[in-house]
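Okay, structure first, notes after.
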Amino acid sequence: MNKGDDIYALHNFEFLAITFAKMAAQGRTVDIDTVIGNMDETHRKWFTERYQHWLAISRQESQ
């Protein structure tokens, strides 16, 4: 995988973190453990941090 592919993968994961966070803030059930279940530890940690970040923002926006 070249560097250009890495940046697209990062954007895709960021998009997913935002989407799942917005869904959770709307009251939809999101099983984040299932989402991150097949990720390696590095990606799991990164994704969970980004998801929590966007979840906090989404909850603030919905108030």
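The values are calculated or read from the model by the stated rules, or taken from the named source; none is laboratory data. Here the structure is a predicted model, which is why all the values come from computation and not from measurement. Positions of Cβ are backbone-derived with ideal geometry, glycine not excepted, and every protein chain shown enters the neighbour counts.
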Note to self: Return the residues of segment 1-42 that are more than 23 Å from GLU61 (Cβ to Cβ), modelled with pLDDT of 90 or more and surrounded by 10 or more Cβ atoms within 10 Å (Cβ to Cβ); say none if nothing qualifies.
What the structure shows: ILE36, MET39
Notebook entry, point to check: Which one of these does THR48 not meet: (1) crowded, with 16+ Cβ neighbours inside 10 Å; (2) in contact (Cβ under 8 Å) with a residue 24 or more places away in the chain; (3) not aliphatic (A, V, I, L, M)?
Noted result: (2)
